[in-house]
Amino acid sequence: MSSLIPSKIKNYLEQENIDYQVFEHEGGESIYQIAQSHGIPDNEVARAILLEENGLKVLAIIPASHMLDFKTLCDNFKSSFSPIPLDSEKVNVFSGCEPGCRPPFPALFGLSGVVDIDEFNSDYIYLEPGTTQCLIRVSKSDFVHIQRESEVTKMTCSPQTLVKLQSENLEVALSSFTPKRIKQRLDETFDLPAMPAIAREIMKLRVDPSAEAKDLADIVTKDPSLAAQVISWASSPYYGYQGQVSSVEIAISRVLGFDLVMNLALGIAIGKSLKIPDDGPLGLRNFWRQAVYSATLSERLCTLIPPKVRPQRGLVYLSGLLHNFGHLLLGHVFPPQFFTVNRYIEANCRFPIEQIEHFVLGVTHEEMGAWLMQSWNMPDELITAVRYHHQDEYSGIYREYANLVTIANCMLKRLAIGDSSTIDPSVQLLTELGIKKQDVENVFDNLMDRAEELDMLSKQLVA
């Protein structure tokens, strides 16, 4: 079975007289999946994170069960490390290994190493040996030998500490940037971004029973960039319109429909009112990609609900489009904290985003987004979806809107889109909505046939 291990690492282990045992698994799995299949606790598995500062690359090695704490790490070394994403062109140091693998052997690859002190709490440590087909187990003494040139420090937060922080409402915070201060600033109207004028006009139109396509078109065309996006949206292959879409009114009356354009224009106008970077886990590219997929899938899932209890499709679409609006608000109002949260997510991609936000900020994007939606007097259905889309157990009023977004995000996690912590919606959630699991799978499969077109639509919103 040692033939699975790349020769560079196998030769290194032999030269260092490291005794190891191989735990084989199907290729392409994560270290967490391999460990789970063999009943190995996460805290006994070493996870390697490639960091960089001013061109210097450092390999941080921590228990797979722990969250890397950037604040502690940077304070300890008086440095400003940034994680290097797995798909970055900079990840070219692990020669001879499978793409995406980061073997915890810093000296072998000419890297400086830093090891979390909790990594030495077990008698045996499991390592990724440059392939996704197995883990290897070494003794603590051999692991110490492998890391003999690495620095040892405390730079992680254990699962127990994360749970304690949340259960105590984060009375122990990493900084003075507390939930109370965030909410206080959000409540101060001079700090809150104002709702865009066009969004306010669309909101008035929503409650006007006599509103027509021309009325909506007149509002949308006041903003040339918004009008161009609506026309471009209607002209996309996704909607299959054969004629020429030369105006917003044609887009409404012949292609998209009044309800979709109203909610699409409202979502775009609101989303573009806040300025954040394009890149990063929470940047505009990822925000709009998830928003487009989630809105489209949520609306289609809505049609599976029995008609008598079916929520409003337009508001379901808007809920999917804006449910992560709190990320935009964080980036717009608190850029330094937004940058920090992005770095934590890049290095701790297995952890739920809301858990990372609690750890770093003491609040989540759900809470921040809901505060702003309330201050803008947005529909209660939308506020509910923004606030509770990560809570399967939510059963209050307008729960259908949050629940549909939750289900959509679970399915989209299969495509590595969004921030759901699971790829399967709960049976209880489906049952309460009167939706069958197979119907959800069918809707998802049909949507994925149009993935390329959805990606094109999301890119238009970033441009």
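Among helices (runs of 4 or more DSSP H) entirely within region 238-354, having at least 2 residues that are in contact with a strand residue (DSSP E or B) (Cβ under 6 Å, 6 or more places away or on another chain) and within 26 Å of Ser420 (Cβ to Cβ) singles out 335-347. Scanning region 58-86 for residues that are buried (at least 19 other Cβ atoms within 10 Å of the Cβ) and more than 23 Å from Gln355 (Cα to Cα) returns Val58, Leu59. The set of residues in region 429-463 that are in a loop (DSSP other than H, G, I, E, B), open to solvent by 30 Å² or more (accessible area, probe 1.4 Å) and more than 25 Å from Val230 (Cα to Cα) comprises Gly434, Lys436. Of the residues in region 371-388, at least one is more than 18 Å from the chain's Cα centre (by Cα), among the polar types (S, T, N, Q) and modelled with pLDDT of 95 or more. Candidates in region 213-264 are the residues that are charged (D, E, K, R) and in contact (Cβ under 8 Å) with a residue 24 or more places away in the chain; of these, the one that is most open to solvent (accessible area, probe 1.4 Å) is Lys222. Val115 fulfils the conditions (1) part of a strand (DSSP E or B); (2) open to solvent by 40 Å² or more (accessible area, probe 1.4 Å) except for a single criterion, (2).
Would you be able to say whether some residue in region 404-419 is over 24 Å from Gly271 (Cα atoms) and open to solvent by 60 Å² or more (accessible area, probe 1.4 Å)? Checked against the condition, which is being over 24 Å from Gly271 (Cα atoms) and open to solvent by 60 Å² or more (accessible area, probe 1.4 Å), region 404-419 yields at least one hit.
Listed by first and then second residue, the pairs with beta-carbon distance under 7 Å, at least 6 apart or on different chains, first residue in region 350-375 and crowded, with 21+ Cβ neighbours inside 10 Å, second modelled with pLDDT under 85 and aromatic (Phe, Trp, Tyr), are Leu361/Phe177. Considering (1) within 18 Å of Thr132 (Cβ to Cβ); (2) without any contact (Cβ under 8 Å) to a residue 40 or more places away in the chain, say which one His25 fails and leave the rest. The one condition His25 does not meet is (2).
Taking the conditions exactly as written (of a type in the set (Ser, Thr, Tyr) and open to solvent by less than 40 Å² (accessible area, probe 1.4 Å)), does Thr340 satisfy them or not? No, not satisfied.
Table: residues versus (1) at pLDDT below 70; (2) within 17 Å of Ala46 (Cβ to Cβ).
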position: Ala107; (1), (2): no, yes
position: Asp116; (1), (2): no, yes
position: Pro129; (1), (2): no, yes
position: Asp142; (1), (2): no, yes
position: Leu162; (1), (2): no, no
position: Phe177; (1), (2): yes, no
position: Arg185; (1), (2): yes, no
position: Thr189; (1), (2): yes, no
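Is it the case, given these coordinates, that Pro379 is touching a Cys at 6+ places or on another chain (Cβ under 6 Å) and surrounded by 15 or more Cβ atoms within 10 Å (Cβ to Cβ)? Taking the combined requirement at face value, the residue does not satisfy it. Residues of region 293-310 that are within 29 Å of Lys459 (Cβ to Cβ) and not polar (S, T, N, Q): Tyr293, Ala295, Leu297, Glu299, Arg300, Leu301, Cys302, Leu304. In this structure, does Val152 turn out to be closer than 18 Å to Val58 by Cβ and open to solvent by 40 Å² or more (accessible area, probe 1.4 Å)? Here the answer is yes, as Val152 does meet what is asked. The number of residues in region 385-399 that are within 21 Å of Ile305 (Cα to Cα), free of Cβ contacts under 8 Å to residues at least 40 places away in the same chain and assigned to a helix (DSSP H, G or I) comes to 2. Ala35 fulfils the conditions (1) free of Cβ contacts under 8 Å to residues at least 24 places away in the same chain; (2) surrounded by 15 or more Cβ atoms within 10 Å (Cβ to Cβ) except for a single criterion, (1).
The values are calculated or read from the model by the stated rules, or taken from the named source; none is laboratory data. Given the structure is predicted, the values throughout are model-derived calculations rather than measurements. In this analysis, Cβ positions are derived from the backbone assuming ideal geometry, glycine residues included, and neighbour counts consider all displayed protein chains. Only protein heavy atoms, including side chains, enter the accessible area calculation; ligands, DNA and RNA are left aside. Shrake-Rupley method; radii C 1.70, N 1.55, O 1.52, S 1.80 Å.
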